[in-house]
Amino acid sequence: MRTTRLILTCLAVLAACSKAPAPAPQPEAEGPFAPGNEGIDLSHHNGRVNWEALSTAPLDFVYLKATEGRDWKDTRFQENWLEASQRGWHVGAYHFYLLCRNGAAQAENFIQSVEVREGALPPAVDLEYAHNCTPEGSKEAVLAEIRDFLSALEAEYGARPVLYTTPEFHRDWLAGHFPDYPIWMRSLSGPPEGEVLIWQYSMKGSVPGVEGFVDLNRVPGEKAQAPH
């Protein structure tokens, strides 16, 4: 009886000490993912940003490209992060995932480039067909690599990564495989189907301080009205 009681006590202690999965971010009344909040995402493709001009735009959050694949780093990421962080926006970093590369190596590239910063948005990963490479191995093997990537980021940053994707890629690769991860969906013809955290509604937006087109994003829902 003492042995049984000791075993049960040990199991209870282990269960209490085990780390629970980080909850996925949800739309909230306040904060970066409050309904109606607006944001943009930027990379080196957008060129040098006039941050003083951009600071006049009614933005709530900004995602910045940090890395791609297992060794490429965005040349403007560090400058963009510093400038965006100084202007009171919620700021996060994203990685462009290559389907033909090892997931753990891609995670290492991102982690080397993006420090753990208090108050930052959860990391995001761009999963889409455009500008990607042909997967190596079976679909199951590629999904396992993506899981390795996501697990490494979650362990490093303490938050579930946000999955940026398109309806086609989500249907072919993600649906049913990553139900606990928040979705950032590109849907240019109207609101996306299903529950999403962020809706990318335009790739041809315009904001002060950035030349050319800019991706525009919104948290679905109506923005709360300020009290009178």
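For the stretch 76-101, how many residues meet the condition of being of a type outside the set (D, E, K, R), at pLDDT 95 or above and more than 19 Å from the chain's Cα centre (by Cα)?
1
Picking from Tyr129, Tyr97, which residue would you name as being of a type in the set (Ser, Thr, Tyr), touching a Leu at 6+ places or on another chain (Cβ under 7 Å), within 28 Å of Pro32 (Cα to Cα) and surrounded by 12 or more Cβ atoms within 10 Å (Cβ to Cβ)?
Numbers: Tyr129 fails: touching a Leu at 6+ places or on another chain (Cβ under 7 Å).
Exactly one of Tyr129, Tyr97 is of a type in the set (Ser, Thr, Tyr), touching a Leu at 6+ places or on another chain (Cβ under 7 Å), within 28 Å of Pro32 (Cα to Cα) and surrounded by 12 or more Cβ atoms within 10 Å (Cβ to Cβ), namely Tyr97.
Out of the stretch 100-119, which residues are surrounded by 15 or more Cβ atoms within 10 Å (Cβ to Cβ) and of a type outside the set (Gly, Ala, Ser)?
Correct list: Arg101, Asn102, Gln106, Glu108, Asn109, Phe110, Ile111, Val114.
Scan the strands (runs of 3 or more DSSP E) fully inside the stretch 110-228 and keep the ones with 3 or more residues being closer than 22 Å to Leu99 by Cα and touching a strand residue (DSSP E or B) at 6+ places or on another chain (Cβ under 9 Å). I'd like the intermediate steps shown before the answer.
Working: elements: 124-126, 162-165, 183-186, 198-205, 214-218.
Per the criteria, 124-126, 162-165, 183-186.
What number of residues in the stretch 33-85 are within 15 Å of Asp215 (Cβ to Cβ), among the hydroxyl-bearing types (Ser, Thr, Tyr) and part of a strand (DSSP E or B)?
1
Which residues, counting only those in the stretch 89-109, are in a strand (DSSP E or B) and either within 14 Å of Thr67 (Cα to Cα) or among the hydroxyl-bearing types (Ser, Thr, Tyr) (or both)? Break it down into steps so the answer makes sense when it comes.
Step one: filter the stretch 89-109 for residues in a strand (DSSP E or B), giving 90-96.
Gly92, Ala93, Tyr94, His95, Phe96, listed by residue number.
Give the residues of the stretch 32-49 that are among the small types (Gly, Ala, Ser), in contact (Cβ under 8 Å) with a residue 60 or more places away in the chain and under 23 Å from Glu79 (Cβ atoms), sorted by residue number. Spell out how you get there, then give the answer.
Within the stretch 32-49, the subset among the small types (Gly, Ala, Ser) is 34, 36, 39, 43, 47.
With in contact (Cβ under 8 Å) with a residue 60 or more places away in the chain added as a condition, the list becomes 34, 36, 39, 47.
Once the filter is applied, which keeps residues that are among the small types (Gly, Ala, Ser), in contact (Cβ under 8 Å) with a residue 60 or more places away in the chain and under 23 Å from Glu79 (Cβ atoms), the stretch 32-49 yields Gly39, Gly47.
Yes/no matrix, rows are residues, columns are (1) at pLDDT 95 or above; (2) surrounded by 15 or more Cβ atoms within 10 Å (Cβ to Cβ); (3) over 19 Å from Thr67 (Cα atoms):
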{"site": "Glu140", "(1), (2), (3)": "yes, no, yes"}
{"site": "Ala152", "(1), (2), (3)": "yes, yes, no"}
{"site": "Ala155", "(1), (2), (3)": "yes, no, no"}
{"site": "Val162", "(1), (2), (3)": "yes, yes, no"}
{"site": "Phe169", "(1), (2), (3)": "yes, yes, yes"}
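Among the residues of the stretch 50-90, which ones are surrounded by 20 or more Cβ atoms within 10 Å (Cβ to Cβ), in contact (Cβ under 8 Å) with a residue 60 or more places away in the chain and farther than 19 Å from Pro182 by Cα?
Those that are surrounded by 20 or more Cβ atoms within 10 Å (Cβ to Cβ), in contact (Cβ under 8 Å) with a residue 60 or more places away in the chain and farther than 19 Å from Pro182 by Cα: Leu54, Leu59.
Could you list all residues from the stretch 171-200 that are over 16 Å from the mean Cα position of the chain (by Cα) and within 21 Å of Ala34 (Cβ to Cβ)?
Restricting attention to the stretch 171-200, the residues satisfying the condition of being over 16 Å from the mean Cα position of the chain (by Cα) are 171-173, 175-177, 187-194.
If the condition is that a residue be over 16 Å from the mean Cα position of the chain (by Cα) and within 21 Å of Ala34 (Cβ to Cβ), then Ser187, Pro191, Pro192, Gly194 are the ones that fit.
Give all pairs with beta carbons closer than 8 Å in which a residue from the stretch 181-198 that is in contact (Cβ under 8 Å) with a residue 60 or more places away in the chain and buried (at least 20 other Cβ atoms within 10 Å of the Cβ) meets a residue that is assigned to a loop (DSSP other than H, G, I, E, B) and among the basic types (Lys, Arg); count only pairs at least 6 apart in sequence or on separate chains.
Pro182/Arg160
The values are calculated or read from the model by the stated rules, or taken from the named source; none is laboratory data. Computed from a prediction, not measured in an experiment: that's the story for all the values here. Because the Cβ atoms are built from the backbone with ideal geometry, glycine has one as well, and the counts that use them run over all protein chains shown.
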